[in-house]
Structures are given as structure tokens and as C-alpha cells.
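Inspection log for the structure reproduced underneath, given as C-alpha cells.
The values are calculated or read from the model by the stated rules, or taken from the named source; none is laboratory data. Computed from a predicted model, the values in this text were never measured in an experiment. A quick note on method: Cβ atoms are made from the backbone with ideal geometry, for glycine too, and the neighbour counts reach across all protein chains shown.
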């Protein structure tokens with residue numbers, strides 16, 4: 001059992017770190033957060049550096065990397081900003097889901113464009129009445145000759161509004177089918193006629209943005225249906241797994257960035273003649289924070305390693321997502337305490353972590369849903 | 001041992017509730033939040049209803065109430081918004097500190113103006129390098145003839161720039177004195193020449209506002225030194241005395257905010273259905289709500305006991321400190337849990353939970369951080385904390 005990164009993995013990590021330091025130093029990050037602006041130039045830099053191509057099969061233009069590589073990339077980007085990590089995250093897990101579930105023809109049609117940065121991808125599942133209860137979704141897609149006609153409303157669609165974004169949207173293709181049956185996955189260009197986007201005013205994650213989507217007689221070619229009509233639940237499950245690995249790795253990275261920020265402050269800020277980090281209360285708080293982050297990282301990397309070896313890792317993915325998201329929210333909360341008044345001030349970066357972190361335990365499956373799943377996998381039928 | 005309100009106390013609570021229902025409905029609060037606007041019209045209503053006068057001695061135009069009345073008013077206003085409660089809170093605890101520490105002449109001059117609403121009051125202690133370590137403050141006041149000349153910089157001054165505000169500012173009057181000695185309290189009109197204020201961009205509490213204050217050769221009359229000659233360099237005593245009242249107000253405010261969070265989360269959990277049932281029927285959510293409710297009631301019990309002791313003239317330093325610690329932590333904690341209960345809607349600014357999440361977080365930092373409160377409690381227990 002070797003818990004260390006390989007030489008290539010260390011190189012990958014350093015490459016991403018350097019790229020982020022170059023294209024998105026703290027002052028730049030602060031600015032784009034204040035402007036609530038999607039940093040397209042950064043996405044292009046990621047594409048150029050092969051960070052999206054990294055994880056895909058060479059036959060589609062990828063670099064054949066694995067889950068551990070994807071976690072390294074997500075961690076280093078998220079270390080700077082959880083918000084930014086969602087930009088690459090969406091393309092990554094949506095693309096990986098397509099690689100798993102689409103037909104060969106569809107993979108050859110969509111994946112090269114994604115890897116080259118010609119298109120981006122984002123996911124859309126939730127609706128006003130369908131959050132944790134994904135099966136309660138009501139947006140419909142009706143077959144009409146060679147097209148599907150989509151009507152309905154989606155909510156909380158992260159990154160849906162980016163230029164050249166293709167929304168991976170789950171819709172109901174058989175309204176008569178029971179609940180989770182009758183769902184399908186459709187790829188919809190975000191500028192398709194009939195599709196209206198509204199950027200929502202949220203507490204955080206401003207740059208990638210969170211959108212409401214209104215669909216009125218939106219027509220998409222039938223060949224944009226992925227994974228088989230009414231087989232969407234399989235795609236959802238597979239898609240959620242990919243999303244959760246990516247989210248967990250990102251949460252670990254952001255949590256680490258947050259702890260590093262708090263630690264640096266505690267070394268610099270002096271009160272009563274000494275750095276505040278030398279007071280046991282603060283010192284122990286930081287010790288706990290770092291321990292929690294490392295525990296979360298251990299979980300996700302073990303899980304990533306299992307996936308790379310082709311093992312079933314559903315329980316590990318779920319635990320990793322639960323733990324990493326809870327840890328990020330927790331260390332951001334403690335980080336606010338360490339920063340005191342400066343934590344509450346928007347000229348410093350801690351409040352951005354406080355805002356960006358809080359949705360980590362809600363999005364990509366709330367902590368309560370993760371716990372349900374873990375309990376089920378433990379053999380308990382949780383009511 | 002009677003835990004209930006008297007009839008008058010219940011009436012006070014009800015009348016504050018009615019006032020807030022009428023003059024500060026949710027739409028008003030949300031609009032002010034969007035505009036980051038100070039609640040001038042609401043403050044006027046508080047004055048008209050005698051809320052500010054309530055805890056002050058009749059001798060100065062007050063209604064002769066006590067710390068319990070203070071807590072009732074603070075809690076009910078903060079139930080709607082802890083941000084807005086600070087607008088009244090500043091005037092209340094600054095004014096009550098003057099009752100304790102000012103000269104008779106100063107009380108006769110300042111308190112009627114405050115209680116009539118002609119002026120407001122706010123506090124200014126912190127500086128860039130003096131947070132928990134207030135003794136490290138460096139803004140100076142030097143006597144020049146019949147005036148004090150003030151130079152320096154203050155930070156985190158809540159409500160400082162409101163119209164007609166008089167800043168209760170602690171400065172160093174004897175830079176050679178050791179550390180906490182050599183501080184004094186001055187009353188400074190916020191638009192005195194030489195004062196420059198910058199509204200800070202903060203995570204929350206944006207209506208009352210948080211300010212940076214730059215003072216360059218600001219001249220104020222000698223009679224603005226609180227306590228007169230006897231008050232010179234006695235600032236630290238004033239700080240301690242002032243903090244007790246400030247912390248009762250702060251604790252009551254945190255309780256009000258915390259109660260609002262639980263009510264909001266609980267009603268959402270009844271309405272929001274997933275998997276065919278209200279989410280509050282799932283044990284995980286139900287137990288979260290039960291814990292939130294229990295914490296809030298525990299916080300309120302601590303706060304009321306402290307307020308009662310202060311009203312009874314007892315030494316309540318430890319109880320107030322525990323109340324401030326526990327109530328502030330509780331507000332931040334339940335707001336955090338409330339965000340989880342509301343899921344995606346919690347993260348959306350069209351709902352009120354995220355405002356609580358933002359407004360609550362500073363409750364464990366302002367008016368003495370939780371770490372400082374713990375130091376003090378441990379000290380009062382007989383431990384010399386490093």
C-alpha cells in the first residue's frame with residue numbers, strides 16, 4: 001500500500017498550482033468574485049494545459065489519466081476557489097458520464113469538442129419541487145419525429161449560462177412511468193430557442209453562477225439523448241458518482257486552502273504581544289482543522305485509487321463526499337472565528353470561503369442523502 | 001423562583017412585537033438589506049414608542065426600566081433583524097454607560113437629547129492592531145488649552161456614520177501609561193472637522209453599517225471627556241462597565257436572531273415536501289430542529305438569568321459573560337443548521353436564511369470574541385489563563 005503520489009502526479013500537482021498562481025492570484029480571485037464574472041480566460045488556460053483532456057480516453061483526444069489525477073487537478077484549483085472548481089468540475093464529470101453511458105457515435109461527436117474547449121458542459125437535475133427527491137422532476141421531453149420537445153423548469157443549474165455550454169439535462173420522457181423510471185438524459189445547447197436562463201442571486205459561487213432554466217417547446221435532435229430513453233436513472237446514478245468524486249476532491253482542496261489561509265493569519269496577527277496562533281485556543285482550533293482536512297483527503301484519495309483499480313467504490317465515494325463537504329463548511333466556519341473582524345470584511349478572503357463552502361453539504365446530494373445511502377449500503381433500510 | 005414575565009413585561013414585549021410587525025415587516029427588512037440603508041424611519045418609531053427611554057432613569061427623561069426591559073426590547077427587535085437591532089443597541093448601551101460614568105452635568109446635557117432622538121450614539125474601540133487587545137490602541141487625545149486634539153484611526157465602528165450620531169470613542173490620553181491605563185472616553189460628533197469615515201464592505205449587518213474612522217487633528221471641547229477630570233485615564237473602567245450592558249444587549253440580540261432562525265427553519269420543514277412528505281418528518285431533520293430549539297431555549301434561559309441579576313443589582317459579570325458567549329455561539333450555530341434545513345433555498349438570496357447566516361457569524365466576534373469571553377469566565381473561576 002503506497003499512499004504517495006507518483007512522480008508524474010507530483011508534477012501534475014505542481015503544474016496546476018503554478019497555473020493557478022499565474023492566472024488567478026488572490027487579488028484577481030477577489031476581483032472576479034466581486035464582479036461575479038465567469039473567468040473564460042482561466043478556463044482556456046486549463047484547456048490548453050490539458051487539464052480537461054487529462055482524464056479522458058486517448059481515443060477521444062484525452063490523455064488517459066485516472067481518478068487520482070482528476071482529484072489532484074480539482075484539489076489544486078479548488079484550493080484557490082471552490083467556485084472556480086465548479087467550472088472545470090461540470091465539464092469533467094458530465095464528460096466522464098458521457099464516456100461511460102453514451103453510444104460510440106455520441107462519444108466521438110461530443111468528447112473531442114469538450115476536450116478541445118470548444119464546448120463546456122454543466123448538469124441540470126433539480127427543479128423547484130425536486131431537490132433531494134430527484135425522481136419528482138416534472139420537466140418533460142416528448143418525442144416528435146426526429147426531435148424531442150422539452151417543456152418545464154429547472155433550478156440550481158450551476159454554470160448553465162457560460163458561453164458554449166451544453167447542458168446535460170435530466171427530463172421525464174415517460175410521464176406515466178413510476179417515479180424514477182421514465183427519466184432520460186439530453187444534451188441541450190444553452191442557446192437553443194425556447195430556453196431562457198436566469199442567473200440566480202445566491203450567497204456564493206458567483207463566478208460559475210447558479211441558474212434557473214425555463215423551457216418552452218425547446219426542440220433538440222433525438223440523437224442528443226444519452227444512455228437510452230427512460231434509462232436516465234442509471235445515468236443519474238453513474239453521473240452522481242462522478243459528480244461526487246469531483247465535488248469531494250474540490251471540497252478537500254478548498255478546505256485545505258482555507259486552513260492554510262487561517263494558519264498564515266494566525267502566525268501574522270499579533271495581539272497581547274504575540275501571534276494569536278500561540279494561544280492554545282486558536283492553536284488547537286487549527287490543529288483540529290488540519291486533522292479534519294487530512295482525514296477527508298485520505299478518504300477521497302483511497303476512493304480514487306480504488307476506482308482507478310476498477311473496484312466498486314460507491315460507499316467510499318459517498319463517505320468521501322459527505323466528509324469532505326462537511327469538513328469544508330466546518331473549517332470555513334472556524335476560519336471566520338480565527339480571522340475575527342477581518343474575517344467579516346470583504347477585503348479579506350475568508351468570508352468568500354464562508355459563503356462558498358456552505359452549499360457543499362447541500363449540492364451534489366445533501367449530507368442527509370449521503371447518510372441515507374451509506375446506511376443503505378450498510379444494510380439498513382433508513383426510513 | 002419565577003421564570004415568567006410580569007404583566008408589564010409581557011405588555012412591553014407585545015408592544016415591541018406589534019411595532020415591528022407594523023413598521024418593519026419582512027419586505028421593509030429585505031429592501032433595507034438590498035439598499036444597505038440605515039433604518040432612520042424605524043429608529044424614529046422606536047423613539048416615539050419610548051423604547052430607548054425604557055431602561056433609563058426617570059431623572060433624565062427615562063421610564064425607569066431595567067436590564068430585563070432592555071433584553072425584552074433587544075430580543076424582539078433582533079427577532080426581525082440583528083443588524084437593525086444594533087442601530088438601537090448602540091444608543092442604548094452607550095447611553096446607559098453614561099448614566100454610570102458621566103458627570104451629572106454631562107448626563108443632564110446628553111441623555112435628554114439621546115432619548116428624544118435628537119442624537120444617536122455608537123461605540124468606537126477597535127483599531128487595526130487593537131481587536132481583542134484593546135489596550136493596544138494608539139489613537140491619541142492631547143489636551144491643548146480648552147480642547148482635546150485627537151489623531152489616529154479606528155476600525156469596526158458599528159453605526160458610526162448615521163445622521164446625528166455621537167461616537168463614544170475610547171482613545172489614549174496618556175501614551176506613557178502602561179497599556180490599559182491611560183485610556184479615556186470621549187463624545188465626538190461624527191461630523192467634527194478632521195473626521196473621515198469609510199463604510200466598510202462587510203459580510204453582513206450592512207444596514208447599520210461598519211466603519212473605519214480616520215482622525216486628523218480633530219478638536220473637541222474639554223467637556224466632551226466623559227466623567228470630567230475624574231474620568232481622565234479611567235477609560236478601562238468605563239470599558240469594563242460599558243461592556244456589561246453591551247453584552248446583555250448583544251446576548252439578547254443573538255437570542256432574538258436565533259429564535260427567528262428556528263421559526264424559519266421549522267416552518268420551512270413543514271411546508272417543503274420531498275418523497276411525498278414534509279421534510280420535517282424525516283428524523284434527521286426533525287432531530288436537527290429539536291436540537292436547534294433546545295439550544296435557543298438554553299441560550300435564552302442564560303440570558304434572562306443574567307438580565308435578572310443585573311436588574312436586581314447583583315454582580316452578574318460571570319453570568320453576562322457566559323450568556324454573551326453561549327447566545328452568540330448559538331445564533332451562529334443554529335443559522336448554520338438552518339442553512340442545511342433550507343437546502344438550495346437556504347443558499348438563495350430571495351429567502352431570509354442566508355441573511356441570518358451572514359448576520360450571525362459576527363456574533364461570536366463582536367463585543368468581545370468567544371475566546372475572550374472564555375478567558376474571562378475561566379479567570380472568574382479562579383484560573384489565571386495565559
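Meeting the requirement of 1 or more residues that are closer than 30 Å to residue B:198 by Cβ, the helices (runs of 4 or more DSSP H) wholly within segment A:297-383 are A:314-343, A:350-357.
State whether the residues of segment B:276-289 include one that is within 14 Å of another protein chain (Cβ to nearest Cβ) and touching a strand residue (DSSP E or B) at 6+ places or on another chain (Cβ under 8 Å). Yes, segment B:276-289 contains at least one residue that is within 14 Å of another protein chain (Cβ to nearest Cβ) and touching a strand residue (DSSP E or B) at 6+ places or on another chain (Cβ under 8 Å).
Taken over segment A:370-381, the criterion of being facing chain B (nearest Cβ under 10 Å) and either touching a residue at least 12 places away in the same chain (Cβ under 8 Å) or closer than 26 Å to residue A:83 by Cβ (or both) is satisfied by A:371 alone.
Apart from one condition, residue B:90 fits all of (1) within 21 Å of residue B:210 (Cβ to Cβ); (2) assigned to a loop (DSSP other than H, G, I, E, B); the exception is (2).
Condition check ((1) surrounded by fewer than 24 Cβ atoms within 10 Å (Cβ to Cβ); (2) within 14 Å of chain A (Cβ to nearest Cβ); (3) modelled with pLDDT of 95 or more) across all residues:
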{"position": "B:64", "(1), (2), (3)": "yes, no, no"}
{"position": "B:104", "(1), (2), (3)": "yes, no, yes"}
{"position": "B:108", "(1), (2), (3)": "yes, no, yes"}
{"position": "B:115", "(1), (2), (3)": "yes, no, yes"}
{"position": "B:124", "(1), (2), (3)": "no, yes, yes"}
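Total residues in segment B:89-102 satisfying the condition of being out of contact with any strand residue (DSSP E or B) (no Cβ under 7 Å at 6 or more places or on another chain) and crowded, with 24+ Cβ neighbours inside 10 Å: the figure is 5. Candidates B:42, B:32, B:51: the one that is surrounded by 20 or more Cβ atoms within 10 Å (Cβ to Cβ) and without any contact (Cβ under 8 Å) to a residue 40 or more places away in the chain is B:51. The residue list A:177, A:162 contains one member that is in a loop (DSSP other than H, G, I, E, B) and modelled with pLDDT under 95, which is A:177.
Residues in segment B:131-165 that are within 18 Å of the chain's Cα centre (by Cα) and in a loop (DSSP other than H, G, I, E, B): B:131, B:132, B:159, B:160, B:161, B:162. Cβ contacts < 6 Å: first residue facing chain B (nearest Cβ under 8 Å), restricted to segment A:346-369; second residue surrounded by 24 or more Cβ atoms within 10 Å (Cβ to Cβ) and in a loop (DSSP other than H, G, I, E, B), any location; separation 6+ or different chain. Result? Matching pairs, first to second residue: A:359/B:347.
Across segment A:1-30, which residue is nearest to residue A:204 (Cα to Cα) among those that are over 22 Å from the mean Cα position of the chain (by Cα) and assigned to a helix (DSSP H, G or I)? Ranking the candidates gives A:27 first. In this structure, is residue A:331 at pLDDT 95 or above, crowded, with 24+ Cβ neighbours inside 10 Å, within 19 Å of the chain's Cα centre (by Cα) and farther than 19 Å from residue B:370 by Cβ? So residue A:331 fails the test. Scanning segment A:128-151 for residues that are farther than 30 Å from residue A:370 by Cα and assigned to a loop (DSSP other than H, G, I, E, B) yields A:145, A:146.
Exactly one residue out of A:319, A:306 is away from chain B (no Cβ under 14 Å) and at pLDDT below 95, and it is A:306.
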